[in-house]
Amino acid sequence: MLGLGTQEILLILLIILLLFGAKKIPEIMRGLGKGIREFKHASQEAVDEITSLTEDEPKETEDTGGDEPLAG
């Protein structure tokens with residue numbers, strides 16, 4: 001994990017705990033989780049929309065129906 005050892009991770013977590021306090025951290029994590037969920041939902045909607053647009057496009061086929069008169 002980016003070359004961080006156990007001691008460095010614990011130090012970072014301790015600093016976060018001191019900065020935000022024990023009561024604020026669950027609120028921050030909850031908000032972060034909601035944001036990630038909304039982002040995943042929005043990205044899935046975009047993929048679905050693109051997929052539906054590509055499926056709805058008319059497929060080009062060669063016209064061999066003979067509607068045009070032959071030259072001659």
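The values are calculated or read from the model by the stated rules, or taken from the named source; none is laboratory data. Just so it is clear, the structure is predicted and the values come from calculations on it, not from any experiment.
The table below lists the values:
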read-out: Criterion violated by MET1 - all others in (1) among the hydrophobic types (A, V, I, L, M, F, W, C); (2) in a helix (DSSP H, G or I); (3) within 27 Å of the chain's Cα centre (by Cα); (4) modelled with pLDDT under 90 satisfied; value: (2)
read-out: Every residue from segment 18-44 that is at pLDDT 95 or above and of a type in the set (Asp, Glu); value: GLU38
